[in-house]
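The values are calculated or read from the model by the stated rules, or taken from the named source; none is laboratory data. Quick caveat, the model's predicted, so the values are computed rather than measured. Cβ atoms come from the backbone with ideal geometry, glycine included; neighbour counts cover every protein chain shown. Note: areas computed on protein heavy atoms with side chains; ligands, DNA, RNA excluded. Shrake-Rupley method; radii C 1.70, N 1.55, O 1.52, S 1.80 Å.
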Amino acid sequence: MDIKDKRVLVLGGFGLVGQAVIKRMMGSPSSKSADKPAHIVITSIRQSEAESAVSYFEKLYAGRGTEFEPYSGNIFVREEWKDLPRESILQDPSKREQLIDDILGDLTEPVITTNALYSAIEWARPDAIIDCINTSTALAYQDLFTMGQRVSASIKSGSAESGELTEMLLASLYIPQLIRHVQILHRALIDFNVRAYIKIGTSGTGGMGLNIPFTHSEERPSRMLLAKSSLAGAHSLLLWIMARTPRTAEIVKEIKPTATIGWKEIKYGPLRKSGKPIDLEFVSFEEAELLGPKLELIRIKPQIVVNERDRVPHTTLEGVYIDTGENGIFSKGEFETISALGQMEMVTPEEIAENVVRELTGASTGKDIVAALDASTMGPSYRAGYLQESALRMMTDLEEETKTSSVAYEMLGPPRLAKLLFEAHLLKLAGNNFEGVLSQSPEELSNKTEQILNDDSLLRSHIVSIGIPILLADGERLLRGSHIKIPTQRWDSAGGNSVELNGEKRDAWAHDGWVDIRPGNMKRWRERLILIREEAMHLGNVTGSEPDRSPAYWDDFKSLNEGRLAAWIFIFEEGGERVKR
């Protein structure tokens, strides 16, 4: 991708890697190169950070013609909550309930369009997104394990807080949050025509194994650290799937550093943890406790501590530190240990940025995880394709021997697949082949398929027994069993759990999971068959290897193959085609 005069959204652009990526895209401040973006949006969770980054780059690249803009907030929640601390969202019952629904509920239009990430992309309208946010850390450090222990203890004790704590646990589930994040990202990439998305991911352990000595608790390795690695792996697979999805960005890549990333700056000053200074607590030898059978936990109030060397009063902890960005602030001893040969060692943000921008602009670095998965995973094989015909032939022979039809059992899903297969099967019974179906009007096909269902009680029972209702020709009568797949609410045989029905819902449910033999749907099937035949006849004139679906694929239109028809619909009507093998 040519980044000249393009719009780029750098998620986490205030951070160590984000700033290095921006510098690499812009080039040296003294360079006269014109191959730079026209507009860069820099995001950070804190407004002050995003604005300070914009101010820094405006001064660094003054007169270069690139516009820098800030965007701040938590991209994993609703846009209206993006500036609220997560704790305040969880403590508010109504917000907590909405958050749980946003994470665990259906992927509805409001869930997508009210999300802060979607809003940020809509506002920025980028050609490319560089995602430098440590997503795995952001989600895994919500500490599901501690929350789970609190829920378990409250339930056992019968605490009145158990309901509230359970809701907090639901709102902290890692995988649902990650899935929802990727779903919303995917939709935004499509809606706003984003051409490229590159993620800077993580291994969770800095490239080390289960023997990693650095931890977040007394466990080694900590469960929270392993949760971070688990999410990092899941995120890579979700991006790999997204890269195989039609209509997504042309470029979907992930660069995954596996070492300590360093560094941003070295300085002396106040030390901060989670953005807050560390208070100094003064204790004297005279206050030493005599240990008894119980250790009382108390909070010591911060006091002014006078440094004996320089006689300077201190209220917060200060010292020489190295800022490694997302990995945190380390002392000299800590940094020397973590970056030592045989430990995490180190990679610089400039090296990461170099690979990111090279991949963005079309070079192959060999460091893209998505491409690596493409190269190392096993796809469809020639042998399996050859043997598929053998399996289908054996199943056809067994159908003829048992005088049955193996159409659909609703084991694969979605219900729409079973619905399409049975509709195609009914057309096969009504017309035998393409010409037999096309020679009948939609009304004739509708009446004939209804008569077939009326006469064949076993076929009728088979359909409704797997949760697929049958909407009859008049559109007013519905045959159904004791449960149905669409709508998702369960209906019992006595008619309980009633669901409101109107014309719009009737059409939507019939589309998603009801065998629909109304004339309107028969007309749609006729249109499909005409289109398939025209397409195949056109391709049939090609004598080379180009056509996938020639007349021979459709048995020269002398039969109707339910599975091939359903696959054609999924590919050409619903965009469900596999694009990589």
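Amide hydrogen proximity for I261: with H placed 1.01 Å from N in the peptide plane, the residues at 5 or more positions away or on another chain lying under 5 Å are V347. Couplings for segment 436-442, taken from phi via the Karplus curve 6.51 cos²θ - 1.76 cosθ + 1.60 with θ = phi - 60°, read x, 6, 5, 7, 10, 6, x Hz in order; Gly and Pro are left as x.
Helix content alone sets the calculated 222 nm mean residue ellipticity of the chain: runs of n ≥ 4 DSSP H residues at -39500 (n - 2.57) each, divided across all residues, give -14000 deg cm²/dmol.
Here segment 61-187 was treated as a single set of alpha-carbon atoms; its pair distances binned every 10 Å from 0 give 11, 39, 29, 13, 5, 1, 0 percent.
Going Cα to Cα from K448, which aspartates and glutamates come in below 15 Å? Please leave out same-chain ones fewer than 8 positions away. Answer for K448, where 15 Å is the Cα cut-off: E423, D456, D474, D516, listed by chain and number. Annotation: amide H-H contacts under 5 Å for K36 (H modelled 1.01 Å from N, sequence separation of 5 or more, or interchain): D5. Checked against a 20 Å cut-off, the cross-linked pairs K95/K228; K6/K253; K59/K264; K253/K367 give Cα-Cα distances beyond that limit for K95/K228. Based on the reciprocal of the average 1/r between different C-alpha atoms, the Kirkwood radius for segment 424-535 equals 14.8 Å. Report, to the nearest 10°, how far helix 223-243 tilts away from the longest principal axis of the Cα atoms in the chain, using its own Cα long axis and a range of 0 to 90°. With rounding to tens, the tilt is 40 degrees. Counting only residues at least eight positions apart within a chain, or on another chain, the lysines with an alpha carbon under 23 Å from that of K485 are K419, K505.
Could you do me a favour and compute the accessible area per residue for the chain, 1.4 Å probe, result in Å²?
Details: 31750 Å² over 581 residues.
Dividing the accessible area of the chain by its residue count gives 55 Å².
Element breakdown for the chain at a 1.4 angstrom probe: carbon and sulfur atoms account for 53% of the accessible area.
Out of all Cα-Cα pairs in segment 347-393, roughly what percent, to the nearest whole number, are more than 12 Å apart? Write out the running numbers ahead of the final one.
Numbers: 770 of 1081 pairs.
Result: 71 percent of Cα pairs exceed 12 Å.
In a simple Cβ point-charge model (Lys, Arg +1; Asp, Glu -1; nothing else charged), segment 1-89 has a dipole of about 380 debye relative to its Cα centre.
Note the angle between two axes, namely the Cα long axis of helix 349-360 and the longest principal axis of the Cα atoms of the chain, as a number of degrees from 0 to 90, rounded to the nearest 10. Its long axis makes an angle of about 20 degrees.
Of all aspartates and glutamates in the structure, those lying under 18 Å Cα to Cα from K256, and not within fewer than 8 positions of it along the same chain, are D131, E326, E345, E350, E351, E354, E359, D368, D374. 3J(HN,Hα) along segment 557-570, derived from phi through the Karplus expression 6.51 cos²θ - 1.76 cosθ + 1.60 where θ = phi - 60°, amounts to 6, 8, 8, 10, 9, 4, x, 5, 5, 5, 5, 4, 5, 4 Hz, with x in place of Gly and Pro. For segment 87-99, 3J(HN,Hα) computed residue by residue from phi via the Karplus equation (6.51, -1.76, 1.60; θ = phi - 60°) reads 4, 5, 5, 5, 7, 8, x, 5, 5, 4, 4, 5, 4 Hz, glycine and proline entered as x. Taken as Cα centroids, segment 502-527 and segment 72-150 sit 37 Å apart, rounded to the nearest whole angstrom.
To the nearest ten degrees, helix 503-513 and the longest principal axis of the Cα atoms of the chain are 90 degrees apart. Each listed q (0.10, 0.14 Å⁻¹) maps to a log10 I(q)/I(0) for segment 1-124 from the Debye sum over equal C-alpha point scatterers, namely -0.39, -0.66.
Label segment 139-210 by shape, choosing from rounded, prolate and oblate, from the square roots a ≥ b ≥ c of the eigenvalues of the Cα gyration tensor; if a/c is under 1.5 it is rounded, and otherwise prolate applies when a/b is larger than b/c, oblate when it is not. Cα axes put segment 139-210 in the oblate bin.
The calculated FRET efficiency for T377 paired with V320, based on their beta-carbon distance and R0 = 41 Å, is about 0.30. For Rg and Dmax of the Cα atoms in Å, computed directly from the structure shown, the correct entry in (i) 26.1, 84; (ii) 23.2, 70; (iii) 30.7, 102 is (iii). Sorting 348-354, 193-199 by average packing, meaning the other beta carbons within 10 Å per residue, from highest down gives 193-199, 348-354.
Find the percent of Cα-Cα distances in segment 406-478 that exceed 13 Å, and round it to a whole number. Of all Cα-Cα distances in segment 406-478, 66 percent exceed 13 Å.
For K199, the residues 5 or more places off, or on other chains, whose built amide H falls under 5 Å of its own are D131, K253, E254, I255.
Distance between the pseudo-spin-label points of W123 and E336 (7 Å out from Cα toward the beta carbon): 4.5 nm.
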